[in-house]
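Step one of this worksheet: look at the structure below.
The values are calculated or read from the model by the stated rules, or taken from the named source; none is laboratory data. Being a predicted model, the structure only gives us computed values, none of them experimental. No Cβ is skipped: glycine too gets one built from the backbone with ideal geometry, and neighbour counts run over all protein chains shown.
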Amino acid sequence: MNIFCSILDVSNTIQKKTDNDREDRITTRICARLNWIPAFRDGPLAIHPQQEIFSQDIDADHVAGRVDILVSCGRGSHVYFAIEAKRLRFHTPKGKFKTGNDEYVNAGMMRFVSGQYAPLMETGAMLGYVYDGETGKARSGVASYIRGKEKELRLRKPKRLMRSEILPDKNVDETNHDLGQRAFTIYHIFTGV
C-alpha cells in the first residue's frame, strides 16, 4: 500500500512537458521523486526504472523484457513489484487522437498475463498517464476494452475492472486473472498528466 500511496502522491506533482512527451520521460521523473520518499531513499524499498527482466529460460541470451518501474525489497532477485506505464488519451505528433487502450491492454496487461513480467509474483500494476486529464473517460475506455479481451486476459470473476478495496479512499482499481498455477492481480492507477 505504501507503493500505491507514494505513486499517487508523486504522480499528482507530474505534468507532461509537451503534448508529445513520452511515457518513459514521465516515468523517469516519477522515479526521481519516489527516490526522495524515506521508504525508498533509506530502504527497505528501492526503485529501479526501466529494469530488464530475465527470461525464465536460464540459457536464453536475451531478456524477457523491460518493465517501466521495478520496486525491490532486498529479498532476492525474484521478489519485486513490477509497474508498467502507458499513455492514454493523447494526440500523435500529427495531431491524431488515440485512446491508448489497445497498447495499455495488449502491450501492458498482457505482459503480466503471459508471465513476461513478474512470472513468479502474484501482483503487479499498470500506471495510465492520461494526457488530456480525463481520468474517468480513460478508466471507462480501458474497462470497456478489458471486457472485450476477457478470455485473452484470463479474467477471474467478476471479470472486469473494479475498484480495489486495498485503499478504499484512493482511486486504485484492479483486475483478477487466472494464470493456471497462480492467481494474479493487476492494480490500475489512472493519473492525469
### Query
From the list ALA39, ALA60, which residue is over 14 Å from GLY124 (Cβ atoms), modelled with pLDDT under 95, touching a helix residue (DSSP H, G or I) at 6+ places or on another chain (Cβ under 9 Å) and surrounded by fewer than 20 Cβ atoms within 10 Å (Cβ to Cβ)?
ALA39
### Query
Restricting attention to segment 63-79, which residues are at pLDDT 75 or above and farther than 18 Å from ILE30 by Cα?
CYS73
#### Entry: Hits in segment 123-153 (condition: touching a strand residue (DSSP E or B) at 6+ places or on another chain (Cβ under 6 Å) and among the hydroxyl-bearing types (Ser, Thr, Tyr))
THR123, TYR129, TYR131, THR135
### Task
Within segment 102-120, identify whether any single residue is of a type in the set (A, V, I, L, M), on the phi < 0 side of the Ramachandran plot and without any contact (Cβ under 8 Å) to a residue 12 or more places away in the chain, and answer yes or no.
no
### Residue identified as within 18 Å of the chain's Cα centre (by Cα), basic (Lys, Arg), under 23 Å from ASP173 (Cβ atoms) and at pLDDT 90 or above among ARG89, ARG25
ARG89
### Summary
Note on segment 1-36: residues surrounded by 15 or more Cβ atoms within 10 Å (Cβ to Cβ) and either in contact with a Gly (Cβ under 9 Å, 6 or more places away or on another chain) or farther than 15 Å from LEU127 by Cβ (or both) are SER11
### Message
Name the residue that is modelled with the highest pLDDT, counting only residues in segment 138-179 that are loosely packed, with under 13 Cβ neighbours inside 10 Å and under 20 Å from SER6 (Cα atoms).
### Response
GLU165
### Query
Can you find even one residue in segment 169-179 that is touching a Ser or Thr at 6+ places or on another chain (Cβ under 6 Å), of a type in the set (Val, Ile, Thr) and touching a residue at least 24 places away in the same chain (Cβ under 8 Å)?
yes
### Query
Is it fair to say PHE81 is without any contact (Cβ under 8 Å) to a residue 40 or more places away in the chain, aromatic (Phe, Trp, Tyr) and either surrounded by 12 or more Cβ atoms within 10 Å (Cβ to Cβ) or part of a strand (DSSP E or B) (or both)?
no
### Task
Say whether the condition of being aliphatic (A, V, I, L, M), assigned to a strand (DSSP E or B) and on the phi < 0 side of the Ramachandran plot is met by at least one residue in segment 32-48.
yes
### Task
Considering each residue of segment 1-22, count those that are part of a loop (DSSP other than H, G, I, E, B) and either out of contact with any His (no Cβ under 7 Å at 6 or more places or on another chain) or modelled with pLDDT of 90 or more (or both), and give that number.
11
### Message
Kindly evaluate ARG182 against the criterion of being surrounded by fewer than 17 Cβ atoms within 10 Å (Cβ to Cβ) and charged (D, E, K, R).
### Response
yes
